[in-house]
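Beneath this line is the structure, given in structure tokens, with notes to follow.
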Amino acid sequence: MSNMIVAEQVGQLARPTAASVVMPMAPAGFAAGGGITGKDILRIFRKRMWMIVIMTLVFVAIAGVITFFWLRFSPFYTADAFLQLNMRTNPMRDDGDRMMAQTTVDRLLLSWVRVVNQETVYLEVLNEGSSDYNIRGTEWYRMYSDNPVRELQKQVTFSPTAAAGIRVSMTGRDPREAARIVNAVAYQAERRAQSRAEGVTGGVLQLLTDEAQNITDKLKIVRDNIASARPFDIPMFEEARSGLFMKIGEDTRRIASLRVQEVAARAAVDLAEREDLRNSPEVLYALDVDLEIRALKNSKVYQETQYANLLRMFGPQHREVQAMKTRIESATERIADMQQAVIEKTVGSIKANRQAVLASIQEQLRALFMSLEDSETRLKDNEKSLDRLRQLHTEERQLTESFRRVDEKIRDVRLQQRAEVPLVLVAPALPPAEPSMPRWSIMIPVGLILGLLVGVGLAFLLELTDSSVKTSDDIARRMDLPVLGMIPHADDLEDDIRDVRLTFMTNPNSLLGESFRQLRTCLRFSGSADRRRSLLVSSPMPEDGRTTVAVNLGAAMARDGMKVLVIDANFRQPSIRKLFPQASDAGLSNVLSGQSAWQDVVCLAEPNLAVISSGSLPPNPAELLGSPAMRRLIAELGEQFDQVIFDGAPALIVSDSPILATAVDATMLVIRAGVNTHDVVQRARETFRHVGPNLIGVTLNGVRSVADGYLRRSYNAFYEYHEQLPGR
């Protein structure tokens, strides 16, 4: 079939008669600069779920391997010995004969821990000659022979127990040596406790009691001085000081502000006396709002118009022309007189107002200086009283703390005197049979927690460092544009589609075809049909899916009864000729250069859908697309087709699409999900907005679904629904 026959068929395509006007689609999503929401967190977890699970399993496996080899080659053993506190009843001065209260026991245990956990005890351990408690022959001593006392202090621990005892423990690699060292230390601790209890005398207690009484007398004098300062206290003084500081600061700021205002007011008064105020903004405004002057000016303008008409009709010597000229001159004089009166009145008012402002500012300054002087005097008195009261409270705290320390020492001495035999070694250490570290019950949970933390952290790190656009929410948060459609990635679909660019022609009932129907519907309700009759489909970068969206959108509109023309406007990388072999070799470039008429190059691809290829590559593509011939062609095609769709070039690579956008009614941007970054999308949007306001929305192409996500559930629901249709 020849191109002329095809053109005749295209001209006979029925055009829909009904037209509807719809409101523009409002942008959806969050405000720009929004943070991560709960929805984003759930999406990240769904998307990276397997990575988190794998990282958790890896760390658990690592923890298991480490635990296995640690237990096999180098486990740690903990040996424990127990010193029991003698709890037999002793005479008590205040309580009578009864068992000591639990708090008294706890204080006594802590006191004995401080006594036995000293460097002198460890020196005695090293110098012990008994064969049962000699540790110099151990492998441990040979390892730490340089400073064994410091190592004993680091490795041996004393800790009170709930059974009124002290636990002596040590962890090492050799269970026998650990038990031997613990028993040696516990033996020397028992001996030290006995000798310390015997050395405590009543003279020490008397000295401490005298010191406590001296502190009590000093404390009474300080508290009497504090009481004499009442009813005032530190919070009241500080509150008064804060109030005075605020008042002084406020007065100072107001004085500084009034100083500036005074200088400005004085300058304004001097300026009013020296300069001519007839051209000041106040005078000009008064002249502008005066109704009589405005009415006279309007009348004069009308008379001048009449005068010009009469002069053109009758000439300058005619009686009516002369009379009109006289009336114009009279109106001019009246306007001048009235303007002079308004100027004199306004200038006088300006001078009087400026004098009044200056006087008011000066009066306020005098009052503020008096208030500032009074506040400073009161602040000095308040600071003296506050310093004195603070000093008394500091002395009270110091004396109270000194009394507490002395009283604690007195109680410690009395507690030590109550025990006949302070500490007894009741349970010597035995070589432990089971390792204390590592433990499966600790290592596996630690590996699990670390794996979860690393997996979740890595998931969020990958997500936050990935700046590509993935969902419509990403566009809504960063671009003030509606998302017109979302085209799923072909790899996520169950349909067998050979070429996604021809999906709507070969698989119109597929999920991909349904997405183009939704795009068609959103585009239809995005504005009046006349305002988007010519539509440019562009994208930021190559391979974003411009041709796929343009061709399938055109096919969807054609199947809906619209007369559609798809034009390949990408001269550098054309696609229409490859998709439609029946299309003419001549195309858009030939039409714009005057070599062919558009009727000669148009090709009918299917009912209601026609295409025009790009034609040969011109030497000046951008200039050709921005030429008057292009605008004339768009206007002519708009009269013949319901929808003209241009498959444009990538906007950030060449300037063809931004130039073409100035000639078409509307522009739609195709964004490749997971490929185009936010910066690229923003640059593309700004590129089109700089050339015109006709960017109507965005189509997100190649959207990937995640396990158990919204898109995946929607896909499954679509296929289940179609499986239930009759005849399937």
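Looking at residue 307, is it more than 17 Å from residue 357 (Cβ to Cβ) and loosely packed, with under 14 Cβ neighbours inside 10 Å? The answer is no for residue 307.
Among 681, 675, 691, 670, which is farther than 24 Å from residue 555 by Cβ and crowded, with 24+ Cβ neighbours inside 10 Å? 681 is the lone residue from the list that is farther than 24 Å from residue 555 by Cβ and crowded, with 24+ Cβ neighbours inside 10 Å.
Quick check on residue 363: is it at negative phi and either assigned to a helix (DSSP H, G or I) or touching a Pro at 6+ places or on another chain (Cβ under 6 Å) (or both)? Against the criterion (at negative phi and either assigned to a helix (DSSP H, G or I) or touching a Pro at 6+ places or on another chain (Cβ under 6 Å) (or both)), residue 363 qualifies.
Quick test for you: out of 565, 484, pick the one residue that is under 38 Å from the mean Cα position of the chain (by Cα), hydrophobic (A, V, I, L, M, F, W, C), surrounded by 23 or more Cβ atoms within 10 Å (Cβ to Cβ) and at pLDDT 75 or above.
Numbers: 565 fails: under 38 Å from the mean Cα position of the chain (by Cα).
The unique qualifying residue is 484.
Does the stretch 134-146 include one or more residues that are under 18 Å from residue 83 (Cα atoms), among the hydroxyl-bearing types (Ser, Thr, Tyr) and surrounded by 12 or more Cβ atoms within 10 Å (Cβ to Cβ)? Explain how you work it out, then say what you get.
Pass one, the stretch 134-146, residues under 18 Å from residue 83 (Cα atoms): none.
No, the stretch 134-146 contains no residue that is under 18 Å from residue 83 (Cα atoms), among the hydroxyl-bearing types (Ser, Thr, Tyr) and surrounded by 12 or more Cβ atoms within 10 Å (Cβ to Cβ).
Go through the stretch 65-87 and report how many residues are exposed (fewer than 14 other Cβ atoms within 10 Å of the Cβ), within 44 Å of the chain's Cα centre (by Cα) and not hydrophobic (A, V, I, L, M, F, W, C). Residues flagged as exposed (fewer than 14 other Cβ atoms within 10 Å of the Cβ), within 44 Å of the chain's Cα centre (by Cα) and not hydrophobic (A, V, I, L, M, F, W, C) within the stretch 65-87 amount to 0. Looking only at residues of the stretch 630-658 that are of a type in the set (Val, Ile, Thr) and surrounded by fewer than 21 Cβ atoms within 10 Å (Cβ to Cβ), we find that the one that is farthest from residue 538 (Cα to Cα) is 634. Candidates are the residues of the stretch 521-576 that are assigned to a loop (DSSP other than H, G, I, E, B) and of a type in the set (D, E, K, R); the one that is nearest to residue 505 (Cα to Cα) is 560.
When you scan the stretch 443-462, do you find a residue that is closer than 19 Å to residue 677 by Cβ, aliphatic (A, V, I, L, M), modelled with pLDDT of 80 or more and part of a helix (DSSP H, G or I), even just one? There is at least one residue in the stretch 443-462 that is closer than 19 Å to residue 677 by Cβ, aliphatic (A, V, I, L, M), modelled with pLDDT of 80 or more and part of a helix (DSSP H, G or I). If I filter the stretch 506-516 down to residues being under 18 Å from residue 562 (Cβ atoms) and surrounded by 19 or more Cβ atoms within 10 Å (Cβ to Cβ), which single residue comes out as modelled with the lowest pLDDT? Once the filter is applied, the top-ranked residue is 513. Residues that are in a loop (DSSP other than H, G, I, E, B), farther than 15 Å from residue 577 by Cβ, among the hydrophobic types (A, V, I, L, M, F, W, C) and in contact (Cβ under 8 Å) with a residue 40 or more places away in the chain within the stretch 596-625 are absent altogether.
In the stretch 278-333, the residue that is nearest to the chain's Cα centre (by Cα) out of those that are small (Gly, Ala, Ser) and under 19 Å from residue 344 (Cα atoms) is 280. The sole residue among 128, 177, 119, 124 that is under 59 Å from the mean Cα position of the chain (by Cα) and surrounded by 12 or more Cβ atoms within 10 Å (Cβ to Cβ) is 177.
The values are calculated or read from the model by the stated rules, or taken from the named source; none is laboratory data. From a predicted model like this one, the values you see are computed outputs, not experimental measurements. Every residue, glycine as well, gets a Cβ built from its backbone with ideal geometry; the counts of neighbours run over all protein chains shown.
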